[in-house]
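The values are calculated or read from the model by the stated rules, or taken from the named source; none is laboratory data. Source: prediction; values computed, not measured. Reconstructed Cβ throughout: ideal geometry from the backbone, glycine too, with neighbour counts over all protein chains shown. The area values use the complete protein model at the heavy-atom level, side chains included, leaving out ligands, DNA and RNA. Shrake-Rupley method; radii C 1.70, N 1.55, O 1.52, S 1.80 Å.
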Number of protein chains: 2
Amino acid sequence: MRLRPIRSWAVALLFTVAFATPALAQRDPLPSWNDGAAKKAIVAFVKATTTKGSPSFVPPPERIATFDNDGTLWAEQPMYVQLLFALDRVKALAPQHPEWKDKEPFASLLKGDVKAALAGGERAIVEIVMATHAGMTTAEFKQIVKDWIATAKHPVTKRPYTAMVYQPMLELLAYLRANGFKTFIVSGGGIEFMRPWTEKVYGVPPEQVVGSSIKTKYEMHDGKPVLMRLPAIDFIDDKAGKPVGINAHIGRRPIAAFGNSDGDREMLEWTGAGGGARLMMLVHHDDAQREWSYGAESKIGTFSDALMAEAKKSGWVVISMKKDWRRIFAFEK
Amino acid sequence: MRLRPIRSWAVALLFTVAFATPALAQRDPLPSWNDGAAKKAIVAFVKATTTKGSPSFVPPPERIATFDNDGTLWAEQPMYVQLLFALDRVKALAPQHPEWKDKEPFASLLKGDVKAALAGGERAIVEIVMATHAGMTTAEFKQIVKDWIATAKHPVTKRPYTAMVYQPMLELLAYLRANGFKTFIVSGGGIEFMRPWTEKVYGVPPEQVVGSSIKTKYEMHDGKPVLMRLPAIDFIDDKAGKPVGINAHIGRRPIAAFGNSDGDREMLEWTGAGGGARLMMLVHHDDAQREWSYGAESKIGTFSDALMAEAKKSGWVVISMKKDWRRIFAFEK
């Protein structure tokens with residue numbers, strides 16, 4: 001009677017030693033990726049750049065990977081999240097702006113007619129952004145974003161926006177960091193709109209976020225220094241602006257870059273033009289069932305035929321959300 | 001006869017155990033600092049912010065320390081190093097610019113009359129900077145800086161400029177990093193002038209350098225993407241620009257900041273305005289024997305009486321190079 005428990009304990013130990021340790025060591029770091037060309041390309045690139053003695057070995061400080069945000073790390077449909085934030089802010093600020101009732105694009109917005117409001121094109125968007133993103137201190141804006149992102153819900157899925165992030169990309173970020181890569185966000189979105197939550201959601205600290213910005217000004221308010229957000233564009237981190245932003249913030253050329261639209265073309269070109277092993281990937285939204293299906297015809301996250309042609313010509317890997325991703329969101333069963 | 005060597009070996013071992021290990025563990029991380037208020041303030045601040053359970057404990061991601069460069073990490077006399085670089089570049093480029101012979105500020109410069117050249121004030125300096133810092137790709141400029149810094153010599157000491165760095169500050173940078181701090185340079189100098197050598201000299205990688213910049217533009221040259229340096233100021237990272245640059249690049253408020261002149265005032269104010277333990281320090285150049293002695297009256301690295309008054313009022317620690325630094329340069333005996 002006394003021997004049996006000891007024996008099963010010994011058997012359990014044997015099993016642990018024989019199976020559990022190797023199983024742990026070989027655990028798939030990318031479980032939400034189906035086996036296929038995209039996953040293979042990632043693993044091969046990481047092996048090539050991090051294996052000592054490999055002809056493509058890259059020293060850790062130079063392992064820079066840049067990620068677009070909208071449509072690459074989180075969903076951008078039916079509208080950019082930051083635009084939805086701005087629309088919510090217009091509603092919240094309306095009581096302080098009685099004049100908006102008769103002034104476009106605010107009047108249409110407040111009537112719930114987003115389409116009419118945005119008919120004014122880029123000018124309308126800039127007006128909405130300036131009215132909602134400027135005129136407060138950086139600390140105040142950070143708190144506004146934090147409060148909003150903690151409570152706002154996606155209009156279609158009713159999930160928090162921070163749940164609308166792509167599980168395979170979270171795994172990719174973690175896999176690269178575990179292999180000595182420094183991961184950066186390089187987004188057309190507002191830098192101060194992303195920083196309050198990117199560390200928690202993506203593991204990317206504020207100093208590794210590059211984005212569009214408005215000007216700020218150092219001022220003294222009641223003897224305390226503040227940075228005021230001014231209604232003036234400082235930098236647009238999109239298209240040809242992305243390599244400029246990368247150079248300004250990082251000062252090194254990435255060796256891996258991930259995007260999903262025409263806005264990322266120059267970032268991938270810039271990354272690919274360096275020597276040695278490179279990995280350029282584009283997320284293609286082709287899964288109408290689990291996410292959205294859009295591309296060349298979409299105004300948001302345009303993936304033009306020209307981009308597809310350049311990807312083929314330049315060896316950029318196109319990720320099919322439908323075929324390459326086993327799971328898109330963490331909340332899926 | 002056989003016992004004695006064993007006995008002395010045993011004695012040696014005892015000594016090792018009794019003294020050597022604690023001695024190693026307590027090795028002074030700041031050997032070039034004299035014991036005094038400045039060194040005490042540094043050690044107390046690091047202990048307070050990094051000791052678990054301390055009321056002033058700061059989690060590692062928030063341990064941000066910013067350092068001015070000219071006059072704080074390396075010498076800025078008899079002239080800013082970058083200005084000496086620009087003057088050398090004017091000479092190197094003169095054969096391609098025959099028109100400079102009759103055009104100020106270049107004409108005076110080429111005759112060796114720096115004072116006359118700079119008599120034109122800020123406009124003259126901007127002209128010299130644009131003529132020598134713009135019109136090439138970022139990669140080309142990086143190479144020009146690398147080649148220059150590898151060979152150029154300080155006009156007074158005849159040492160390489162990278163030997164004109166302050167040994168106590170190198171120790172401080174290393175001490176902070178060993179305690180989980182992320183160290184940044186926040187300088188009025190050109191960001192692209194510093195990045196090619198800050199990693200090697202200070203252990204500060206390019207992505208942790210904040211500085212002044214000119215605009216760049218993404219272009220295709222013979223099918224290869226380049227970033228062209230344009231003759232247009234993008235950002236001046238000095239005075240009230242320093243908190244703006246810190247916010248743009250780092251996105252967090254530093255908890256420690258180090259400077260030496262009026263140009264650093266706002267950076268120290270911004271740092272000091274946060275909650276919890278803070279360390280603000282100003283290097284005072286008061287050692288005419290081992291370095292230079294200058295302050296309120298100096299055009300380079302002005303340390304005004306108003307700055308000294310604010311330091312006293314705000315509890316900023318003034319570092320006396322003469323009294324607080326045992327050694328200034330590594331090349332000293």
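Going residue by residue through the stretch B:266-289, is there one that turns out to be buried (at least 19 other Cβ atoms within 10 Å of the Cβ), in a helix (DSSP H, G or I), among the acidic types (Asp, Glu) and out of contact with any Cys (no Cβ under 9 Å at 6 or more places or on another chain)? Yes - at least one qualifying residue is present in the stretch B:266-289. For the stretch B:290-309, the set of residues classified as out of contact with any helix residue (DSSP H, G or I) (no Cβ under 6 Å at 6 or more places or on another chain), open to solvent by 20 Å² or more (accessible area, probe 1.4 Å) and part of a loop (DSSP other than H, G, I, E, B) consists of B:290, B:292, B:294, B:297, B:298, B:299, B:300, listed by residue number. Entry remark, the stretch A:240-265: residues being part of a loop (DSSP other than H, G, I, E, B) and within 10 Å of chain B (Cβ to nearest Cβ) number 5 in total.
Of the residues in the stretch B:202-220, how many are open to solvent by 10 Å² or more (accessible area, probe 1.4 Å) and either away from every other protein chain (no Cβ under 11 Å) or among the β-branched types (Val, Ile, Thr) (or both)? Residues that pass the stated criteria total 3. For the stretch B:82-120, filtering for residues that are open to solvent by less than 30 Å² (accessible area, probe 1.4 Å) and out of contact with any helix residue (DSSP H, G or I) (no Cβ under 9 Å at 6 or more places or on another chain) leaves 0.
Has the stretch B:164-181 got any residue that is more than 21 Å from residue B:29 (Cβ to Cβ) and either outside any helix (DSSP H, G or I) or within 14 Å of chain A (Cβ to nearest Cβ) (or both)? Taking every residue of the stretch B:164-181 in turn, at least one turns out to be more than 21 Å from residue B:29 (Cβ to Cβ) and either outside any helix (DSSP H, G or I) or within 14 Å of chain A (Cβ to nearest Cβ) (or both).
Looking across the stretch B:310-331, the residues that are open to solvent by less than 40 Å² (accessible area, probe 1.4 Å) and part of a loop (DSSP other than H, G, I, E, B) come down to B:316, B:328.
Cβ-Cβ contacts under 9 Å between residues 6 or more apart (or on different chains), taken from a first residue in the stretch A:246-264 that is under 19 Å from residue A:50 (Cβ atoms) to a second residue that is open to solvent by 10 Å² or more (accessible area, probe 1.4 Å) and among the polar types (S, T, N, Q), are listed as A:253/A:247. Residues that are in a helix (DSSP H, G or I), of a type in the set (Lys, Arg) and in contact with a helix residue (DSSP H, G or I) (Cβ under 9 Å, 6 or more places away or on another chain) within the stretch B:37-70 comprise just one, B:39.
Out of curiosity, is residue B:233 within 20 Å of residue B:126 (Cα to Cα), in contact (Cβ under 8 Å) with a residue 24 or more places away in the chain and away from chain A (no Cβ under 13 Å)? Considered against the rule, which asks whether it is within 20 Å of residue B:126 (Cα to Cα), in contact (Cβ under 8 Å) with a residue 24 or more places away in the chain and away from chain A (no Cβ under 13 Å), residue B:233 comes out as yes.
Within the stretch A:101-120, the residues that satisfy the criterion of being farther than 24 Å from residue A:153 by Cβ and assigned to a helix (DSSP H, G or I) are A:101, A:102, A:107. Considering the stretch A:221-230, the residues that are assigned to a strand (DSSP E or B) and more than 9 Å from every other protein chain (Cβ to nearest Cβ) include one that is surrounded by the most Cβ atoms within 10 Å (Cβ to Cβ), namely A:229. Entry remark, the stretch B:183-198: residues being among the polar types (S, T, N, Q), assigned to a strand (DSSP E or B) and out of contact with any Lys or Arg (no Cβ under 7 Å at 6 or more places or on another chain) number 1 in total. Taking the criterion of being part of a helix (DSSP H, G or I) and closer than 26 Å to residue A:283 by Cβ, the residues of the stretch A:71-96 that qualify are A:81, A:82, A:83, A:84, A:85, A:86, A:87.
Residue B:60 falls short on exactly one of the conditions (1) within 24 Å of residue B:255 (Cα to Cα); (2) more than 14 Å from chain A (Cβ to nearest Cβ); (3) open to solvent by 60 Å² or more (accessible area, probe 1.4 Å), and that condition is (2). For the stretch B:266-277, residues that are in contact with a strand residue (DSSP E or B) (Cβ under 8 Å, 6 or more places away or on another chain) and touching a residue at least 24 places away in the same chain (Cβ under 8 Å) total 7. Under the condition of being of a type outside the set (A, V, I, L, M, F, W, C), within 14 Å of chain A (Cβ to nearest Cβ) and open to solvent by less than 50 Å² (accessible area, probe 1.4 Å), the residues counted in the stretch B:133-163 number 2. The residues listed here are A:199, A:192; of these, the one that is within 11 Å of chain B (Cβ to nearest Cβ) and without any contact (Cβ under 8 Å) to a residue 24 or more places away in the chain is A:199.
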